[in-house]
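Structure first, then comments.
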């Protein structure tokens with residue numbers, strides 16, 4: 001009798017495992033992997049931003065590739081098919097020239113430069129290394145089959161339009177007005193209605209850049225780096241400024257790690273907690289979300 005009961009239980013467990021395997025193998029996911037910079041950027045003032053930028057610029061990164069601004073890698077996965085990409089600048093080393101020689105000041109935050117989308121083969125090894133060393137965090141969104149193909153079509157169209165060659169700028173990838181690595185990831189969330197106000201609050205920097213600190217090569221307006229160093233506040237509403245909305249890889253990593261501290265193992269959490277190597281991640285179910293039209297904006 002006991003052996004029959006044990007056999008029945010084993011058959012039930014096997015059935016559950018097979019069902020779960022079938023469910024997982026048929027699932028599609030969009031995953032945002034966030035690589036933090038060597039040190040957090042301090043956005044308290046122009047002065048603190050400059051100091052933290054210089055610190056990151058000269059930091060050694062040890063075993064992982066140098067990403068002085070941090071980075072975001074996008075993964076689209078369906079069954080065994082895995083597609084990886086990430087928006088990068090072709091001129092990251094030119095930042096020093098823009099600040100010291102061309103003297104565009106904080107105009108560097110809005111400067112449109114050449115870029116490209118990385119290929120799967122270009123990021124696989126770094127992604128594996130960073131997750132094994134806990135030098136990344138990630139957010140995985142369960143998506144529908146239609147959303148999966150819609151995002152692949154967007155990335156393909158993004159390249160065909162030449163938008164992938166436009167890095168930074170206004171960080172409006174769907175409008176073809178430049179895109180950083182995180183802005184590109186956010187645009188994918190927008191396209192599947194997965195972008196929540198919480199992400200905008202927790203992941204992004206919202207500041208008013210004083211116009212007096214924004215130089216330009218087009219107008220030959222120069223801003224000496226010393227002027228930034230001795231600026232200890234952002235613009236008030238009574239002075240000319242330009243708004244900056246920037247999604248920060250460090251803030252995204254911090255958000256994921258804080259969720260682990262506050263919600264891991266607790267009943268009722270709306271997040272499913274997971275790990276890849278030593279890297280922490282959360283899973284969010286967006287499989288019922290419908291794709292957003294239009295794919296590109298004006």
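The values are calculated or read from the model by the stated rules, or taken from the named source; none is laboratory data. Worth saying up front: this structure is predicted, and the values here are computed from it rather than measured. Virtual Cβ from ideal backbone geometry, glycine too; neighbours counted across all protein chains shown.
Could you tell me which numbered condition residue 261 fails, if it satisfies all but one of (1) modelled with pLDDT of 95 or more; (2) surrounded by fewer than 17 Cβ atoms within 10 Å (Cβ to Cβ)? So the condition that residue 261 fails would be (1). Would a scan of the stretch 235-250 turn up a residue that is within 16 Å of the chain's Cα centre (by Cα), within 18 Å of residue 44 (Cβ to Cβ) and without any contact (Cβ under 8 Å) to a residue 60 or more places away in the chain? No, the stretch 235-250 has no match at all. Residue pairs whose Cβ atoms lie under 7 Å apart, sitting 6 or more positions apart in sequence or on different chains, and linking a residue in the stretch 174-191 that is at positive phi and free of Cβ contacts under 8 Å to residues at least 60 places away in the same chain to a partner that is assigned to a loop (DSSP other than H, G, I, E, B) and crowded, with 23+ Cβ neighbours inside 10 Å, do not occur here. Taking residue 130, is it part of a helix (DSSP H, G or I), in contact (Cβ under 8 Å) with a residue 40 or more places away in the chain and over 29 Å from residue 288 (Cβ atoms)? In short, yes.
For every residue, the table says whether it meets (1) farther than 30 Å from residue 277 by Cβ; (2) touching a strand residue (DSSP E or B) at 6+ places or on another chain (Cβ under 9 Å); (3) part of a helix (DSSP H, G or I).
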site: 94; (1), (2), (3): yes, yes, yes
site: 113; (1), (2), (3): yes, yes, no
site: 134; (1), (2), (3): no, yes, no
site: 139; (1), (2), (3): no, yes, no
site: 148; (1), (2), (3): no, yes, yes
site: 153; (1), (2), (3): yes, no, yes
site: 167; (1), (2), (3): no, yes, no
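Table: residues versus (1) within 28 Å of residue 100 (Cβ to Cβ); (2) surrounded by 18 or more Cβ atoms within 10 Å (Cβ to Cβ).
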| residue | (1), (2) |
| --- | --- |
| 166 | yes, yes |
| 169 | yes, yes |
| 212 | yes, no |
| 231 | yes, yes |
| 270 | no, no |
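Right, residue 158: over 14 Å from the mean Cα position of the chain (by Cα) and either in a helix (DSSP H, G or I) or under 15 Å from residue 34 (Cβ atoms) (or both) or not? So residue 158 passes the test. Restricting attention to the stretch 274-291, the residues that are in contact with a strand residue (DSSP E or B) (Cβ under 8 Å, 6 or more places away or on another chain) and either without any contact (Cβ under 8 Å) to a residue 12 or more places away in the chain or more than 10 Å from residue 140 (Cα to Cα) (or both) total 6. Evaluated against (1) in contact (Cβ under 8 Å) with a residue 40 or more places away in the chain; (2) over 15 Å from the mean Cα position of the chain (by Cα); (3) within 23 Å of residue 289 (Cα to Cα), residue 268 falls short on exactly one condition, (1).
Would you confirm, using the coordinates I've provided, whether residue 96 is over 16 Å from the mean Cα position of the chain (by Cα), farther than 20 Å from residue 234 by Cβ and touching a residue at least 12 places away in the same chain (Cβ under 8 Å)? So that I can check it myself, show each step before the final result.
Details: over 16 Å from the mean Cα position of the chain (by Cα): yes; farther than 20 Å from residue 234 by Cβ: yes; touching a residue at least 12 places away in the same chain (Cβ under 8 Å): yes.
Spelling it out, residue 96 is indeed over 16 Å from the mean Cα position of the chain (by Cα), farther than 20 Å from residue 234 by Cβ and touching a residue at least 12 places away in the same chain (Cβ under 8 Å).
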